């Protein structure tokens, strides 16, 4: 289930900014499916008037990603459910082949990255309006996105956690830099003024970031009509460092250098498996000349059919796709560690984290066990630490108390508590407009100040009633995402403290039992 989704029902158009009616949206979708069928996009071998209906159907899943694809019948795991021929994929190459003017201009700017070129081509194609061959697809694209590069100062600070704020700042700065780099090309193409704005660039780059799929011949990827209607599901298979725990116990009695080497190889293999492709159940197949989508599990009729883009934390999902998962098995939290902890072990820094469940990662426990051991004894017990064994009850209790204290201190340094965020999340929708009185109830002073800052930010955006409504809805959604992200972050810290307390209780019982 998602907190938000990159494929919202609202549509984007640079030619008009009014909200489409339900009838207009349905009409646009019907045109897309008919156009797609003419291109050979199909969920069956026989095809038809619509590209869907045999295996898949467009449905709305409230609270679970919004508009998406549902099973039209019972689907078996591994079954091919959708095929999109190469000729229907929107790539930089495909766009250039259809327009000599665009091809000549883009070729003169070879220093631009593949994603920059695709983003400019997308804006150029949008400028054609109904004259674009891709028009049935383009009118069904979302009107706006909630990736962190679109966050303003208020939403950015609402993330609260320094690492997340830094990630947002970096994403915003990168977007601005890449936009300025493409200005010369956009001017050469004589794009309409509204297509050359930073707002338009954010839309185009967010479309490329959140909707493209991996293809072997272009690093920018491709836009895949109908194929991008699938909503996201995190990979069910564990593809992280924790898998090592079950494979290193047999190495415990070997030389420590061998243990390190074997563990390092395992880490490399895990990273290779998780990064081999953006999609785990969809891929371009040369022998078929098409992008093929397979059922990742068996589905009942009416059930939402989901797609895995790969393994992402919630912050990465927010950065690249503009949504979060309520229960993301791949989410993680990093707590500040002393420099000596990093230097006392050979595990990479990115492996030392706390799982979404609240359990410290295998490598974090390994590093802390070794760090908590006197320097003179580390060599003799190193093979045990690297293989995942507890070194002693006292050592284990020390690191559990240490982790719990770290989590507690991290929580105390944040402006709001987990409970305050839950309550604040519940009252956001009650803020209907800028001037209406609002009963703050049991909100803390910090939360009240956040609401006041939200209102002040809206006032800076404009005073007209229509603008305020539209701006409020967009800003409120991004504010909600920021709160939901920091809420999931704090929940992991709280769960970790509970895990450590439980472990301390178990270890204390073992000490008492051994003394009898």
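Kindly indicate the residue of region 57-79 that is more than 18 Å from residue 477 (Cβ to Cβ) and either under 18 Å from the mean Cα position of the chain (by Cα) or free of Cβ contacts under 8 Å to residues at least 24 places away in the same chain (or both) and also surrounded by the fewest Cβ atoms within 10 Å (Cβ to Cβ) among those meeting that condition.
Across region 57-79, the extreme among qualifying residues is 57.
Report yes if some residue within region 203-219 is part of a loop (DSSP other than H, G, I, E, B) and closer than 30 Å to residue 407 by Cα; otherwise report no. First the steps, then the outcome.
Start the filter on region 203-219 by keeping residues that are part of a loop (DSSP other than H, G, I, E, B), which leaves 212, 216-217.
If we keep only those that are closer than 30 Å to residue 407 by Cα too, we end up with none.
Checking region 203-219: not a single residue is part of a loop (DSSP other than H, G, I, E, B) and closer than 30 Å to residue 407 by Cα.
Going by what's in this entry, would residue 190 be described as in contact with a helix residue (DSSP H, G or I) (Cβ under 6 Å, 6 or more places away or on another chain) and over 23 Å from residue 222 (Cα atoms)? Full working, then the answer.
Numbers: in contact with a helix residue (DSSP H, G or I) (Cβ under 6 Å, 6 or more places away or on another chain): no; over 23 Å from residue 222 (Cα atoms): yes.
Here the answer is no, as residue 190 does not meet what is asked.
Does residue 408 satisfy the condition of being farther than 24 Å from residue 493 by Cβ, under 32 Å from the mean Cα position of the chain (by Cα) and surrounded by fewer than 21 Cβ atoms within 10 Å (Cβ to Cβ)?
Working: farther than 24 Å from residue 493 by Cβ: no; under 32 Å from the mean Cα position of the chain (by Cα): yes; surrounded by fewer than 21 Cβ atoms within 10 Å (Cβ to Cβ): yes.
Against the criterion (farther than 24 Å from residue 493 by Cβ, under 32 Å from the mean Cα position of the chain (by Cα) and surrounded by fewer than 21 Cβ atoms within 10 Å (Cβ to Cβ)), residue 408 does not qualify.
Go through 177, 241, 198, 230 for me and flag whichever is at pLDDT below 95 and farther than 25 Å from residue 43 by Cβ. Walk me through it before giving the result.
Values: 177 fails: at pLDDT below 95; 198 fails: at pLDDT below 95; 230 fails: farther than 25 Å from residue 43 by Cβ.
The unique qualifying residue is 241.
Conditions first: (1) touching a helix residue (DSSP H, G or I) at 6+ places or on another chain (Cβ under 6 Å); (2) farther than 15 Å from residue 137 by Cα; (3) assigned to a helix (DSSP H, G or I). Residue 69 passes all but one, so which condition is the exception?
(3)
Test each condition in (1) touching a helix residue (DSSP H, G or I) at 6+ places or on another chain (Cβ under 8 Å); (2) under 21 Å from residue 289 (Cβ atoms); (3) surrounded by 22 or more Cβ atoms within 10 Å (Cβ to Cβ) for residue 91 and report the one that comes out false.
Every listed condition holds for residue 91 apart from (3).
Scan region 387-412 residue by residue and report those that are part of a loop (DSSP other than H, G, I, E, B) and either at pLDDT 95 or above or closer than 16 Å to residue 362 by Cα (or both). Outline the logic, then answer.
Here is the first cut: in region 387-412, the residues part of a loop (DSSP other than H, G, I, E, B) are 387-392.
The answer is 387, 388, 389, 390, 391.
How many residues does region 333-350 hold that are buried (at least 21 other Cβ atoms within 10 Å of the Cβ) and modelled with pLDDT of 90 or more?
If we filter region 333-350 for residues that are buried (at least 21 other Cβ atoms within 10 Å of the Cβ), which is where we start, we get 333, 345, 347.
Subset that is modelled with pLDDT of 90 or more: 333.
Result for region 333-350: 1.
Would you point out which residue out of 118, 122, 102 is under 20 Å from residue 180 (Cα atoms), touching a strand residue (DSSP E or B) at 6+ places or on another chain (Cβ under 6 Å) and assigned to a helix (DSSP H, G or I)? Don't jump to the end; show me each part of the working.
On the way: 122 fails: touching a strand residue (DSSP E or B) at 6+ places or on another chain (Cβ under 6 Å); 102 fails: touching a strand residue (DSSP E or B) at 6+ places or on another chain (Cβ under 6 Å).
Within the list 118, 122, 102, the selection yields 118.
I need a count of the residues in region 281-321 that are part of a strand (DSSP E or B) and within 30 Å of residue 487 (Cβ to Cβ).
Applying the first criterion (part of a strand (DSSP E or B)) to region 281-321 yields 282-285, 290-294, 299, 304, 306-307.
Cutting the leftovers down to within 30 Å of residue 487 (Cβ to Cβ) gives us 304, 306-307.
Adding up the residues that qualify gives 3.
Do we find a residue being in contact with a helix residue (DSSP H, G or I) (Cβ under 7 Å, 6 or more places away or on another chain), closer than 30 Å to residue 478 by Cβ and at pLDDT 90 or above anywhere in region 357-370?
Within region 357-370, one or more residues are in contact with a helix residue (DSSP H, G or I) (Cβ under 7 Å, 6 or more places away or on another chain), closer than 30 Å to residue 478 by Cβ and at pLDDT 90 or above.
Do you know which residues across region 198-218 are under 14 Å from residue 144 (Cα atoms) and surrounded by fewer than 19 Cβ atoms within 10 Å (Cβ to Cβ)?
Start the filter on region 198-218 by keeping residues that are under 14 Å from residue 144 (Cα atoms), which leaves 198-211.
Residues satisfying the conditions are 198, 199.
The values are calculated or read from the model by the stated rules, or taken from the named source; none is laboratory data. No experiment lies behind these values; they were computed from the predicted model shown. Ideal geometry is used to build each Cβ from the backbone, glycine not excepted, and the neighbour counts take in all protein chains shown.
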